[in-house]
Each structure stands twice: as C-alpha cells, then as structure tokens.
1. Mind checking which residues of the range A:298-331 are free of Cβ contacts under 8 Å to residues at least 60 places away in the same chain, closer than 22 Å to A:T269 by Cα and part of a loop (DSSP other than H, G, I, E, B)?
2. Can you pull out every residue in the range A:176-215 that is part of a loop (DSSP other than H, G, I, E, B) and under 22 Å from A:T87 (Cα atoms)?
3. Do we have any residue at all in the range A:268-288 that's closer than 22 Å to A:L180 by Cα, in contact with a Pro (Cβ under 8 Å, 6 or more places away or on another chain) and not polar (S, T, N, Q)?
4. Would you call A:V99 among the hydrophobic types (A, V, I, L, M, F, W, C), at negative phi and crowded, with 23+ Cβ neighbours inside 10 Å?
5. Looking at the range B:273-285, can you tell me whether even one residue there is charged (D, E, K, R) and within 13 Å of chain A (Cβ to nearest Cβ)?
6. Residue check: is B:L46 in contact (Cβ under 8 Å) with a residue 60 or more places away in the chain, within 14 Å of another protein chain (Cβ to nearest Cβ) and within 16 Å of the ligand (Cβ to nearest atom)?
7. Can you pull out the residues in the range B:49-60 that are within 14 Å of the ligand (Cβ to nearest atom), out of contact with any Pro (no Cβ under 7 Å at 6 or more places or on another chain) and of a type outside the set (V, I, T)?
8. Tell me which of these A:G111 doesn't satisfy, since it passes every other one: (1) touching a strand residue (DSSP E or B) at 6+ places or on another chain (Cβ under 8 Å); (2) over 27 Å from A:E265 (Cα atoms); (3) within 11 Å of another protein chain (Cβ to nearest Cβ).
Amino acid sequence: MTGPEVETTYREAMRDAIREALATDDRVIVLGEDVADYGGTYAVTKGLHEEFGRDRVRNTPLSESGFVGAGIGAALGGLRPIVEIMTVNFSLLALDQIVNTAATLRHMSGGQFHVPLVIRMTTGAGRQLAAQHSHSLEGWYAHVPGLKVIAPATASDARWMLPTALADPNPVILFEHNALYGEHGSIDPVGGPVDITQAAIRRSGNDVSIIAWAGMVHKAMAAAAVLADQGVDAEVIDLRSLRPLDADTLAESVARTHHAVVVDEGWLTAGLNAEIAALITERCFWTLDAPVRRLASAEVPIPYAQHLEEHAIPQVDDIVAAVNRLVRDGV
Amino acid sequence: MTGYELKGIPAEACRDLLRDMIRIRVLEERCAELYAASKIRGFLHLYIGEEAVATGVMHALDSDDSVLATYREHGHALLKGIPATGIMAEMFGRSTGCSGGRGGSMHLFDAATRFYGGNAIVGGHLPLAVGLGLADQVAGNDRVTVCFFGEGAMAEGEFHEALNLAALWNLPVLFCCENNRYAMGTSLETSESQVDLALKAAAYAIPAWSVDGMDVLEVARATKRARSMITGGGGPVFIEFQTYRFRAHSMFDPDLYRDPAEIETWKERDPVVTFAGWAIEQSLLTGDDVEALWDAARDEVTAAVIAADEAPLEPVSSLLDHVTATTEEVSS
Ligand SMILES: Cc1ncc(C[n+]2csc(CCOP(=O)(O)OP(=O)(O)O)c2C)c(N)n1
C-alpha cells in the first residue's frame, strides 16, 4: 500500500513508528533512561508517556545492565519491549546482557526460548562530544551471532524498519546516528514494514560502488554528487542491515562497477569495513579492477577540538579523493 | 533445629521433602562419578550440602511460577520438573538433553516448566528475573518469579540494579540468596563490606530476612510466607538461606581455601541426614521408608544414565540451528 508522501524528520518518523507500535500492540512497552518526562535523550519518545501512560513508556534508573536485562526478561515473558539506551557509549555497561544473554538464550536452550526485543541507541561522532560520547561500535554488535543489527539512515527507514524489527522474534539492535535526527525526508505514511535484511541502493551508478551505513550514507551521497560533476558515476549502497550483511546486493553492484569503497565511521582495524572488504574480495575478486578501498576513522579516541574531530572522521572530500584515486589510478 | 519443632507436619509432606532432597543428592553424587569417568565434561558444580534450599523453596511454589538459577542448578531443574533423563542427557551432550546438547551442566532450560536456566554469568540473570516479573505484572498473572543466586552475586552491579528495579516497580519476584559462604575461593568476609546480607538487601526497601538453609522445613516455611507477601501486589522479597557446599566449587577446584575442620563441622548438619533422622525420631517415617526413598532415587538416576548413554548425538548438520528464530518457529 502506498499513500501520498509527507515531509517529516528522522526523529518524528521514529517517534511515529514507536507510537504506532504502542497503539497497535499491547505487548509493546518502552523502557529507558529519561524516556518519559525528559522525552528521551534525543527527544524521540517525547510526549509518548502522556499518550500511553508511564507504565508503557517507563523511565528507568541509571542501570543499563539492569534495564536491558529486564527488557530481555520481559521479552521472554511475552512482552515486546523497545529498550532505549541513551547512546552506544553507555551500552557497554549492558554488553553482558546483550552478548551473554540476549544473543545466547535461544541457542543455549536448544531452541526453546526466543527474545523478541528491540534495543535502540544512538551512535556516531561529529558533535564535539569527545572520546567517551562519540563511539561508533555497531560493528562490535554485528560480530555476534544471535543478534540482528540494523541502522536506518533515512526518515523512511526510521519509520518503517522498526515494525519489522518488532515483529522479528530475535533481539534486534537498532542504531540511530546522532546527526540524522533533524534530517528531513519524505515518507510514505502508509508504506508498511520493510525487509530489514536488505541493503538499499540510494543512487545507481556504473563506475564505483560506495558502501556506507548510518551517518556515512549521507556523506557518500554528497560525495557522489561532487563526483558526478567530475565525470565519475558512483553507486551508493546503504547497508541498512549490519547483521546479516546483504552480500548479494554488494556483490551484484561491485560486479557491475568493478570498484568498491567502504566508508565506516568506526575505526579501521578489525572494523566492520574489513569484513565487507573481505566479503567483496571473496565474491568479486575476478571482476575487480582495483583493490577494495576502506575509509574509516583515524586510530585515535575521538578528539574534542572541532578540526581534530573532523580530521578523525571520514569526510565528503576524503570520499571524493579516495574514489578518484581508485577509478583513475587504480589505487 | 527450630523448624523441626513444627508440629503436625503430615508424614506425606515429610516424605516428599526428603524424597526430593535425596533425589538431588543421588543425582549429584552420580554426576561426580560420571565426571571422573569423563562422561560429563565442561564445568560441573555440585549442590551437595545445599539440597534443603532448593527443596524447601520449590515445595512452597506453584507449578506455574518461573524459576531462574545459576550454573549450580541440577537440583532446581529436577524439582521444577525436568526429568532426570533430560538433565543427564544434557550433561552427556546428547540430542535428548533438555537444551538439545547446547547447554550442558550450566545451562539446563525448560520452557514447559518455566525454568529459565542455568545461567553462568554471576549476577547476569537477576535483571532477567526482574523482566519476567514485569511481564507478569503487566499481564496481570498471579505468578511469582523466583531467582536463585549465590552470595557472590551480591557484589556484582547487576544485583543492585535488579533489586532497585524490582522494588521501584513493585514486581512479583522472590530473590533467593544461597549463601554458601564462598564464591569459588573467596569467603564472604573477604568480599563484602556488609556480611549481613539481608540488611544489605533491605537497603532497597524490600522485606528481607535470613533463614537457616540447612533446615528444609524452615526454608519451605519462609518461602511460603514470602510468596504470600509477594502475590497480590506485595512486591519483591529477599531471603538469605545460610548453607554450605560440601564439595569443591567445581570439579577443577582443589579446595585449598577452606579448613577441612570447617567442612566437617558443617557436614554434621547435613540437611538430608538430619531431616531423615528427625522424621524417623518423630515416627513420621520408618528406616525402611527412608531406605526406599534412596533406592527409588538411585533407580531414577540409573535409568537416566542408561538412557543418556544410549541417546543419539545431535547431528553436526544441526550445528547452526537455534541461533536465531524464525517467525514460523515461534508461532507454532
Ligand atoms: C561475571 C562473572 N565473573 C566471574 C565468574 C567466574 N565464577 C563462576 S562461579 C563464581 C563464584 C560465584 O559464587 P557465588 O555467587 O557465591 O555462587 P556459588 O558458586 O557459591 O554457588 C565465579 C567467580 C563468572 N561466571 N561470572
């Protein structure tokens, strides 16, 4: 079903998705620090406690491990919790629950239990928040069997990936890049849930495949526009799903363009970018005209000073330069 | 032995309690032998000496109550209703095991009886109990979630987070601390600034008290009381059961940190032996009755061992099963 497109923001789209979930499924509850009166750290859940009550939009104390674990237990007990962790940085205090419990219960119990849970959190740098508030650790979660990991990068995906994630019988980690909340986009208000395991081609092109996710999708799109003026026709792939990876879409694209650049806001060493590069090399080795290139953050805790932070993170110019080198010089 | 002064306990109830303590004892002793024979591998933690706690608690619960335990959970699993065959086969790593051979000794699970493990991260399952309690509260279920953990878990942050949440939200959760005085080789005194564990739990504004965990009647009575406080919206309760493990922490532990005399002193209070003796003394049971219980338990466990030995292994082709669930699987 489709309807007339409406203009909205990423934040409002996510809120609409949560509102719909609360309105249509009694099992859905929202749990997290400051999700009620404060409105959520990034104002995503703003006002929902007034609509649905404080039992369903439930403030928790500062206890990431405790309330994530409670979300897992509530999912086991028949609810469909949406747990909000303020940011990926604080999710490290709940790693035990996510990795040791949510991801393992189904397997350890020989398939008897499942954990239908969505954990939302922001990720990413770019706001001069310095080293402890700027991590991009979604690749860590993508490493773990038993989890699904998604990263909507557009308002439309913010609206329509959540219902699919909530319908999934497994723990789904949903990353929202902090720079995207104000991002405008048009969405189909009755579009319906989307497949959360598939990458999306945001721009078709013939010369190079730029692979990105979350905040980097927008930089890749901006770079593609610059490259077009310079005579390079770039394809931009928004991964959307970090686990599982949509290897087919990647391979199909690279087989056409013969060049691949992976853009990751996380660090280079042992990053998700390495997994993607390896995957492309394995699948497309004989059709590649040049080595797969990776752009990632500098190997440093994210610095506070604006210019340093800018240099630490891949920027549009870096992508343009890397693509030009690759397609023109083959390096 | 205050609890044993309880008058008017019917012979039947007495027999049931003793039967279940004996079943655990026999199961655990057999596990030790099977470990020595390399039939059971991995980490194996025995509950010998602590039987009165699981037995007393389980007898005071409704069958619909949810239970979570640690890696020292064979007894809890057995009394929750997982057949010895399913437990033994799991420890043998067989496909008929209660976790399909994926879990082993530390991860016994059973959806049908609401037994949520078998959890081997110390303190990790306490938040889970909170969530199960929350789900019951939301759904209006009259059920209690019972969470067993060792005193070692009380030093973990997750203990504090979980108690705070349970109290704050007034959830139907019974926290059962099995204080056997040692977390591996670390004694309570060397790991907790406050060794009065009930006092510590009471800081979260929940009813909390300490019980003689070597006395099955005391355990059952305290649990009944706690359960009636919890149901109907009373909120969580914490009980510390003072007990002792007679064996080492696990099969890898040479037990260098305890004075053998201390172990012997506690063994004088062996919960199975003392309760059997009391029941005979009170003419609730005869010596023959007690012998019959031991025989029946041995038969039960022997049958489980034979079945486990004959059970098939999971095919390697199923290696990647049960990592994620499909919608069809969970709706069937
Ligand atoms: C988070 C965590 N840290 C350490 C361990 C290793 N470990 C396993 S059992 C144990 C002792 C726990 O003692 P206690 O909670 O008192 O339970 P008991 O074994 O005495 O029943 C330790 C330290 C673990 N499994 N999990």
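The values are calculated or read from the model by the stated rules, or taken from the named source; none is laboratory data. Note that the structure is a prediction, hence the values are computed from the model and not measured. Please note: Cβ atoms are built from the backbone with ideal geometry, for glycine as well, and neighbour counts cover all protein chains shown.
1. Passing the criteria: A:A298, A:E299, A:V300, A:V331.
2. First pass over the range A:176-215, keeping only residues part of a loop (DSSP other than H, G, I, E, B): A:181-183, A:188-199, A:204-207, A:213-214.
Result: A:Y181, A:G182, A:E183, A:I196, A:W213, A:A214.
3. no
4. Numbers: among the hydrophobic types (A, V, I, L, M, F, W, C): yes; at negative phi: yes; crowded, with 23+ Cβ neighbours inside 10 Å: no.
Here the answer is no, as A:V99 does not meet what is asked.
5. no
6. Details: in contact (Cβ under 8 Å) with a residue 60 or more places away in the chain: yes; within 14 Å of another protein chain (Cβ to nearest Cβ): no; within 16 Å of the ligand (Cβ to nearest atom): yes.
Answer is no for this residue.
7. The first filter runs over the range B:49-60 and keeps only residues within 14 Å of the ligand (Cβ to nearest atom), leaving B:49-51, B:53-54.
Now narrow it down to the ones that are out of contact with any Pro (no Cβ under 7 Å at 6 or more places or on another chain): B:49-50, B:53-54.
Scanning the range B:49-60 gives B:G49, B:E50, B:A54.
8. That leaves (1) as the condition not met.
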